[in-house]
């Protein structure tokens, strides 16, 4: 197989479970389940279909004669009719009632909706497991002070755990969107060639209620509560856009997380997992490149760009349908899911193995803390009898001087020494050192972590305990 293109999504990134959902075998087995559901429904609604015919269809539901279907497709150039023919070879008694009244979209579109729904459920399970790992990380490090950054410049401190809640909150928003779309998924049903159900109205001798019941019963047999009430030949292609928007949202969140981890790894404060025999660079043996986070970003870019495909397809459909959706859908929808599947496996793997270096975090924190403590120092000096306006100007001048020492001379931050030597403040070095307690400057961060995990994330994880415990293995 090395003489032809192989998709990296299959070879390197996506799990076997997600790959199977979009495999030919899964698709064609679903076609046969839909044909059985159609036959059973038509029998229940009075058409002359026997239980013997349905039993024959069920007997050969899973042993698909692929070669017969491929040979037939080479002749007739139609995939659905080729599989109708192949199924009929295995089921001679039921041959005449397979696909009765239906058009190709009955199996094609209904299967697409079924597979996307199943894939969304897998994405949901993985998303919740990532959330559980992030919650555990946030809880563990909720009290670890660290520099916060705005514009990637040191800002008022936070904690490592509080920063993790920012990543986690993004995933909570993604879960809300995913659940909304997942809970609104419906089947196309049996709508006929232009969505009018004309063929079924003919089969049921003009009985409109039986046409409505056919849709409802097929939906229930396939695990759905209902069908879309109206359609052309296909379900609205806006559904694909809604689904891919969910995937793109997860990609956005994962990308943001990966950015932060890469920046933190540069600072040597937090590292993603690095295996014993892993090579960071072919030239620089000492390198520990954040390749997992970089891969998250790379796949996320792909998914965010991929969402444009169903938008273009949906906006350019003509009337009841055109076939210029087909080739695009075969690529954009499965590959969007395969990529997000790989992203979530990477995300789970990274969070599960994150390494935190408190000593480095503390070193960076303490180097900047004198600047951040100046307001507290100024208030202490005012309490000792100083003039606030004069002290503010002195602190500004001394901060500039200390900054020049750090930036121009490469020296340590000596702001405290400068303030202790300035009689305007009337504070000793010992008194100034008391202001250097990191937890004084993190505000409500630890409590915010506790409240967020208890009030928001905890209920989500409690309601989904049956899906927790997943581990992610990275192929390469």
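The values are calculated or read from the model by the stated rules, or taken from the named source; none is laboratory data. Here the structure is a predicted model, which is why all the values come from computation and not from measurement. Because the Cβ atoms are built from the backbone with ideal geometry, glycine has one as well, and the counts that use them run over all protein chains shown.
Flag: residue 20 matches the condition of being modelled with pLDDT of 95 or more, surrounded by fewer than 17 Cβ atoms within 10 Å (Cβ to Cβ) and either in a helix (DSSP H, G or I) or in the same structural domain as residue 116 (by TED's automatic domain parsing) (or both). Entry remark, the range 103-135: residues being more than 19 Å from the chain's Cα centre (by Cα) and farther than 30 Å from residue 203 by Cα number 0 in total. With respect to (1) surrounded by fewer than 19 Cβ atoms within 10 Å (Cβ to Cβ); (2) modelled with pLDDT under 95; (3) within 30 Å of residue 112 (Cβ to Cβ), the lone exception for residue 281 is condition (3). Looking across the range 64-99 at every residue that is free of Cβ contacts under 8 Å to residues at least 40 places away in the same chain, outside any helix (DSSP H, G or I) and touching a helix residue (DSSP H, G or I) at 6+ places or on another chain (Cβ under 7 Å), the one that is surrounded by the fewest Cβ atoms within 10 Å (Cβ to Cβ) is identified as 65.
Among the residues of the range 317-328, the one identified as over 25 Å from the mean Cα position of the chain (by Cα), more than 17 Å from residue 104 (Cα to Cα) and surrounded by 12 or more Cβ atoms within 10 Å (Cβ to Cβ) is 317.
A single entry from 107, 160 fulfils the requirement of being touching a strand residue (DSSP E or B) at 6+ places or on another chain (Cβ under 6 Å) and at pLDDT 95 or above: 160. For the range 213-261, what are the residues that are more than 17 Å from the chain's Cα centre (by Cα), in a helix (DSSP H, G or I) and surrounded by fewer than 16 Cβ atoms within 10 Å (Cβ to Cβ)? Residues satisfying the conditions are 213, 220, 238. For residue 168, indicate whether it is part of a helix (DSSP H, G or I), surrounded by fewer than 24 Cβ atoms within 10 Å (Cβ to Cβ), modelled with pLDDT of 95 or more and on the phi < 0 side of the Ramachandran plot. Answer is no for this residue.
I'd like the full set of residues that are under 19 Å from residue 189 (Cα atoms) and not in a helix (DSSP H, G or I), limited to the range 28-63. Across the range 28-63, the qualifying residues are 45, 46, 47. Taken over the range 185-201, the criterion of being in contact (Cβ under 8 Å) with a residue 40 or more places away in the chain and either under 29 Å from the mean Cα position of the chain (by Cα) or on the phi < 0 side of the Ramachandran plot (or both) is satisfied by 185, 186, 187, 188, 189, 190, 191, 193, 194, 199, 200.
Among the residues of the range 132-143, is there at least one that is farther than 17 Å from residue 461 by Cβ, outside any helix (DSSP H, G or I), at pLDDT 95 or above and touching a helix residue (DSSP H, G or I) at 6+ places or on another chain (Cβ under 9 Å)? Checking the range 132-143: at least one residue is farther than 17 Å from residue 461 by Cβ, outside any helix (DSSP H, G or I), at pLDDT 95 or above and touching a helix residue (DSSP H, G or I) at 6+ places or on another chain (Cβ under 9 Å). When 341, 380, 324 are checked against the criterion of being in the same structural domain as residue 256 (by TED's automatic domain parsing) and in contact (Cβ under 8 Å) with a residue 24 or more places away in the chain, 341 stands alone in meeting it.
Out of curiosity, is residue 45 under 26 Å from residue 113 (Cα atoms), under 36 Å from the mean Cα position of the chain (by Cα) and crowded, with 17+ Cβ neighbours inside 10 Å? Criteria not met by residue 45.
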